[in-house]
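A short worksheet on the structure shown next.
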Amino acid sequence: MKPRILVVDDDPLYTEAAVAILAQDGRLEVVGCANDGREAVERALVLQPDVVLMDIQMPLLDGIEATRCLRRVLPSARIVLVSASTSSTDRRRAREAGAFAAIAKGLGTDALVEAALTAAEAVAS
């Protein structure tokens, strides 16, 4: 079975690009998208993704707080926080919130796919 991925970002262009990139990889299945952290938690409860790729900076509920919520309600999912920021503070906050990993958006398409696959492997083990 392919790992199920939920993409969360408030930038529709980034979301569309991430979905296209992930969908091209035959090892992954994108099951949905969300526009903010609050919607991410709601959609994750319904869709039961294996991996959530989520922006840190979002309205209503940011990626850090949404990660904390998801770790409580869907502990089996692995959350990869994706950010334009390369700040060590953001990476530290991501780890403290329970994120599996944090990557920079600028790393490119291969890094996004590899982060999703690595997180999915951790779910399976």
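The values are calculated or read from the model by the stated rules, or taken from the named source; none is laboratory data. This structure is a prediction, so every number in the text was calculated from the model and none was measured. Please note: Cβ atoms are built from the backbone with ideal geometry, for glycine as well, and neighbour counts cover all protein chains shown. With ligands, DNA and RNA removed, areas are computed over all heavy atoms of the protein, side chains included. Shrake-Rupley method; radii C 1.70, N 1.55, O 1.52, S 1.80 Å.
Overview of values
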read-out: Relative contact order of the stretch 72-125, defined on C-alpha pairs under 8 angstrom at six or more residues apart (%); value: 42 percent
read-out: Residue among V73, I56, N35 farthest towards the positive dipole end of the stretch 35-80, charges placed on Cβ; value: V73
read-out: Added length on full extension, which subtracts the Cα-Cα distance from 0.36 nm per residue, Y14 to A122; value: 36.4 nm
read-out: Average accessible surface area per residue within the chain, 1.4 Å rolling probe, Å²; value: 50 Å²
read-out: The stretch 15-125: relative contact order as a whole-number percent, Cα under 8 Å and 6+ apart; value: 24 percent
read-out: Residue among V52, V73, V82 with the largest mean-square fluctuation in a Gaussian network model of the chain, springs linking Cα atoms under 10 Å; value: V73
read-out: Net charge dipole size for the chain [Lys, Arg +1 and Asp, Glu -1 on Cβ; Debye, nearest 20]; value: 500 debye
read-out: Under the Karplus curve 6.51 cos²θ - 1.76 cosθ + 1.60, θ = phi - 60°, whole-Hz ³J(HN,Hα) for the stretch 31-45, x wherever Gly or Pro sits; value: 9, x, 9, 9, 9, 7, x, 5, 5, 4, 5, 4, 5, 5, 4
read-out: Most mobile of A99, A77, A23 in a GNM of the chain (Cα contacts under 10 Å); value: A23
read-out: Protein accessible area in the chain, 1.4 Å probe - carbon and sulfur %; value: 52 percent
read-out: Calculated semi-axes √(5λ) of the Cα gyration tensor in Å (choose from (1) 25, 18, 12; (2) 23, 18, 13; (3) 18, 16, 14), label; value: (3)
read-out: V30 long-range amide H proximity, modeled H, under 5 Å; value: I5
